[in-house]
Ligand code: EPU
């Protein structure tokens, strides 16, 4: 939702828009610590709504004040160095999770996928094992149809809890949505929660596939260093990691941004990388792969903010 060309919203305009918000409001908040790659500049204002009513207040305030509103993802998102103009909203305080009827689980957008998996495991519910080791949230997972080789969120998603850009709360049935590879086509608005249909299973079954999968990720991915997940989508019938490695790019470095030596489709922050270095590295990798294989890799990350 960020439109870089607009004039910077003034503090009085932002204050007016957020007048009725109860949650946390932080001015000029650095965003790098809130993102998994740990790069990027500040938000003009970061808002952490305390509940759904508060989300509605933020959405309506932003719309009436014609202020750009960005929902902070954090794990597959890269914030540019000059940060994000307007209002940045984090749904981190929306953390309710409950089992409704017949193994139907409702989780708010700020619930982290590992916590949802723990919750499901504790109730002997299967269906989320594919998410083992994905650090993102339910909201981010729905928006980008998060997934791995084992499955995707669309496999279990029943409905999405949604606030429209007009501030109306709506339950959107998953059957009315289109799911692409790492992208869900949603109406304009904010995902505030999701219903997922899980199934009963023995704890041992759930645990063994989760363990196996976590081990695979630990062995193949640089999970110990700051990263934002896979950089590029896999092209049809091939894998971005293979193409990047075969182009001889593992370990390629610009400043502290490095093409991981463990998995070529990851860029890691070796300390003090900037978004500019990371994005220059992305372009370099894309150009080299295009030159060698004639394949133009598409970014999986969402890049936001001003250069
Ligand atoms: N490969 C290489 N060199 C590398 C890395 C991978 O040749 O440096 C080859 C592997 O040998 C393998 C193939 O590429 O034959 C696929 O690699 P991998 O199994 O690691 O999976 P991936 O396709 O690179 C996808 C998801 C990951 C998810 C893993 C495991 C995408 C873009 N990425 O990676 O998701 O964890 O499968 O299920 O679909 C993410 O989306 O952020 C993410 C981490």
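The values are calculated or read from the model by the stated rules, or taken from the named source; none is laboratory data. Predicted model only: the values in this text are computed from it and were never measured. Don't worry about glycine lacking a Cβ; one is built from the backbone with ideal geometry, like all the others, and counts go over all protein chains shown.
Quick notes
Each row is one residue, and each column tells you yes or no for (1) within 23 Å of residue 181 (Cβ to Cβ); (2) touching a residue at least 12 places away in the same chain (Cβ under 8 Å).
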position	(1), (2)
221	yes, yes
226	no, yes
251	no, no
285	yes, yes
296	yes, no
301	yes, yes
304	yes, yes
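- Candidate set from the stretch 113-129 (those that are free of Cβ contacts under 8 Å to residues at least 60 places away in the same chain and surrounded by fewer than 19 Cβ atoms within 10 Å (Cβ to Cβ)); member that is nearest to the ligand (Cβ to nearest atom): 114
- Residues in the stretch 130-139 that are at pLDDT 95 or above and either near the ligand (Cβ under 8 Å from one of its atoms) or assigned to a helix (DSSP H, G or I) (or both): 138, 139.
- Residue in the stretch 220-228 that is in contact with a helix residue (DSSP H, G or I) (Cβ under 6 Å, 6 or more places away or on another chain), surrounded by fewer than 17 Cβ atoms within 10 Å (Cβ to Cβ) and modelled with pLDDT under 95 present: no
- Scoring residue 294 on the criteria (1) more than 16 Å from the ligand (Cβ to nearest atom); (2) modelled with pLDDT of 95 or more; (3) closer than 20 Å to residue 77 by Cα leaves a single failure, condition (3).
- Single unsatisfied condition, residue 67 versus (1) within 21 Å of the chain's Cα centre (by Cα); (2) under 29 Å from residue 145 (Cβ atoms); (3) touching a residue at least 40 places away in the same chain (Cβ under 8 Å): (1)
- Filtering the stretch 69-84 to residues that are in a loop (DSSP other than H, G, I, E, B) and either more than 22 Å from residue 58 (Cα to Cα) or within 16 Å of the ligand (Cβ to nearest atom) (or both) leaves 73, 74, 75, 76, 80, 81, 82.
- Selection within the stretch 220-235 - near the ligand (Cβ under 7 Å from one of its atoms) and more than 15 Å from residue 302 (Cβ to Cβ): 220, 221, 234
- Residues of the stretch 237-256 satisfying the condition of being away from the ligand (no atom under 12 Å from the Cβ) and surrounded by fewer than 18 Cβ atoms within 10 Å (Cβ to Cβ): 253, 255, 256
- Candidates 23, 110 - the one that is touching a strand residue (DSSP E or B) at 6+ places or on another chain (Cβ under 7 Å), under 26 Å from residue 303 (Cβ atoms) and surrounded by fewer than 23 Cβ atoms within 10 Å (Cβ to Cβ): 110
- Residue that is surrounded by the fewest Cβ atoms within 10 Å (Cβ to Cβ), among those in the stretch 257-274 that are closer than 14 Å to residue 286 by Cβ and near the ligand (Cβ under 7 Å from one of its atoms): 265
- Test: residue 156 is over 14 Å from residue 71 (Cβ atoms), crowded, with 20+ Cβ neighbours inside 10 Å and under 21 Å from the mean Cα position of the chain (by Cα): yes
- The one condition from (1) in contact (Cβ under 8 Å) with a residue 24 or more places away in the chain; (2) surrounded by fewer than 18 Cβ atoms within 10 Å (Cβ to Cβ) that residue 95 does not meet is (1).
- Residue within the stretch 154-161 that is at pLDDT 95 or above, under 22 Å from residue 36 (Cα atoms) and either touching a helix residue (DSSP H, G or I) at 6+ places or on another chain (Cβ under 8 Å) or part of a strand (DSSP E or B) (or both) present: no
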